[in-house]
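S.K.: The structure under discussion is supplied below as structure tokens; questions concerning it will follow.
The values are calculated or read from the model by the stated rules, or taken from the named source; none is laboratory data. Predicted, not measured: the structure shown is a model, and the values here were computed from it. Reconstructed Cβ throughout: ideal geometry from the backbone, glycine too, with neighbour counts over all protein chains shown. Ligands, DNA and RNA are stripped out before the accessible areas are found, and what is left, the full protein with its side chains, is counted by its heavy atoms. Shrake-Rupley method; radii C 1.70, N 1.55, O 1.52, S 1.80 Å.
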Amino acid sequence: MADRVTVIGWDGTPLTAAARSALSAATLVAGAAHHLALDELPARAERIRLGSVSLAARRIAAHRGTAVVLADGDPGFFGVVRTLRAPEFGLEVEVVPAVSSVAQAFARAGMPWDDAEVVVAHRRTLRRAVNVCRAHTKVAVLTSPGAGPAELSLLLQGVHRTFVICEELGTDRERVTVVTSDKAADHTWRDPNVVIVIGGSRTAPSSDTGWIAGREPATSPRGWALPAAEYGGDIWLGEGENDRLRAAQLARLGPRVGDLVWDIGCGSGAFTAEAARFGAAVIAVDRDADALGRTTAAVRRFGVQAQTVHGVAPHILEDLPEPDVVRVAGGGAAVVSAVADRRPERIVTHAATRDAAELIGRDLSEHGYSVECALLQSVELDTRAWREEKRTVAFLLSGRLPDRSP
């Protein structure tokens, strides 16, 4: 095992005294090509080109001597420190940090970033990173080849955002460009780069200056599955808008950050707003323009983001991006079947009769979903006289795709 492992962050500025001291004593140095070209590296030190951090960690673990790993920015922030500290390598590391590329990007933009989401985009995580950009008003994206500004732009189709693209930060070739998201795919961008994605409606600034990183202080009402009036609804839109049914649907779907939720038949907008409050990206679909207007008002009321699409399901669904979970509140078995063809991880819907529930359940089963069905009855009481005011009955159906479930 290496006698000592020091991880040095490099942000383009001259190395600190601590970093130079560690390098001068190194018998093995690992880093990218531009790190290995630094003048401060000892001439006799073994050099490892850092591609796979895991492979480098194995070589470092087998090395007898003093090892140094060079990394861009702060190596403890989405960096190599996590891999090097994995138990299988048995390495104890010291860290000499530098300014992270995210901090540099926001500094170039002259913006605070304690309220920003930070995501890493690789080919395998690009879709989830885009969903975070859909759902939040300020996101920093650490990109990679094949998952850069152009790919973000293409997957954000239909959602307007502003991109602040920071290329090769800390080098002589540094460049900062501001473009609208629909124009980013028209250019070739240099790696490495960080993209700050800004846009969407924001709530009014709170008097609270903030106490938690990654989000604005909570200003929306406390609680989930609130009555329709909390979302600005003042008309009865049927059993599908019942708050108890909505609570059960949310529980079955479990929307989360990085997910894309379809809300088909968005009605009052209550479900859309609540799914967005969990941090998920939401596309609300309805044939009724008034329903989309109510949904837009509801998400603004709660300070969250959602995209609305006017059209008739299932045809309008063909051009929508792939969902993770879906609520079907309108359209019946034909829409549920079309949704199941897209293979989301989970689907929830409801039916007014047992025959309709059986038809939907059979179709979900034929698509490979594990199906649950429950008869939900909700009775509202006037607590002044303890008299029944309203009774709703609905069959709740949920389908889970086993091969996609964690």
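S.K.: How many nm is it between the label spots at Leu376 and His187, if each spot is 7 Å from the Cα in line with the beta carbon?
M.R.: 4.7 nm
S.K.: I've got another one for you. Percent relative contact order of the stretch 304-390, based on C-alpha pairs within less than 8 angstrom and at least six residues apart?
M.R.: Here the relative contact order equals 20 percent.
S.K.: Relative contact order (percent) for the stretch 252-330, with alpha-carbon contacts under 8 angstrom and 6 or more residues of separation? Let's see the in-between values first.
M.R.: Values: 166 pairs, mean separation 30.0, N = 79.
In percent, rounded to a whole number, it is 38.
S.K.: Heavy atoms only, 1.4 Å probe, whole protein assembly: order Val96, Val7 by accessible area, highest first. Numbers along the way, then the final one.
M.R.: Values: Val96 30, Val7 0 Å².
So, going from the largest accessible area down, we get Val96, Val7.
S.K.: Once amide H atoms are placed 1.01 Å from N in the peptide plane, what residues at a sequence separation of 5 or more from Val29, or on another chain, have their amide H within under 5 Å of its amide H?
M.R.: Glu46, Arg47, Ile48, Val68
S.K.: If you don't mind, there's one more thing I want to ask. When only Cα pairs under 8 Å and 6 or more residues apart are kept, what is the percent relative contact order across the chain?
M.R.: 11 percent
S.K.: If you consider only alpha-carbon coordinates, what radius of gyration and Dmax does the chain have, in Å?
M.R.: 25.8, 89
S.K.: Using +1 on the beta carbon of Lys and Arg, -1 on that of Asp and Glu, and nothing else charged, what's the dipole of the chain about the Cα centre, debye to 20? Spell out each step's value before the answer.
M.R.: On the way: 46 positive and 50 negative charges, 144 e Å.
Its charge dipole is roughly 700 debye.
S.K.: Give the peptides 275-288, 248-261 in descending order of average Cβ contacts within 10 Å, highest first.
M.R.: On the way: 275-288: 23.9, 248-261: 20.1.
Top to bottom by mean Cβ count within 10 Å: 275-288, 248-261.
S.K.: Accessible area per residue, 1.4 Å probe, Å², for the chain: what's the number? The partial results should precede the final answer.
M.R.: Working: 19890 Å² over 406 residues.
On a per-residue basis, 49 Å².
S.K.: With labels modelled as points extended 7 Å from the Cα through the Cβ direction, what inter-label distance (nm, one decimal) is found for Ala229 paired with Met111?
M.R.: About 3.9 nm, to one decimal.
S.K.: Now for a separate question. Determine the gain in length on full extension of the stretch Val120-Asp172; use 0.36 nm per residue of separation and subtract their C-alpha separation, reporting nm with one decimal.
M.R.: On the way: separation 52, 0.36 × 52 = 18.72 nm, distance 2.44 nm.
Computed gain between Val120 and Asp172 is 16.3 nm.
S.K.: In the chain, carbon and sulfur make up what percent of the accessible area (probe 1.4 Å)? Don't skip to the end; give the middle numbers.
M.R.: Working: 10050 of 19890 Å².
The nonpolar share, carbon plus sulfur, comes to 50 percent.
S.K.: Right, another one. For Ala357, what is the net charge nearby, where nearby means another residue's Cβ is under 14 Å from its Cβ and Lys, Arg count +1, Asp, Glu -1?
M.R.: Values: positive: Arg354, Arg362; negative: Glu239, Asp355, Glu358, Asp363, Glu372.
That sum, taken over residues with Cβ under 14 Å, equals -3.
S.K.: Taking the Cβ-Cβ separation of Leu154 and Arg20 as r and a Förster radius of 41 Å, what is the calculated FRET efficiency to the nearest 0.05? Spell out each step's value before the answer.
M.R.: Working: r = 44 Å, r/R0 = 1.06.
Here the calculated transfer efficiency is 0.40.
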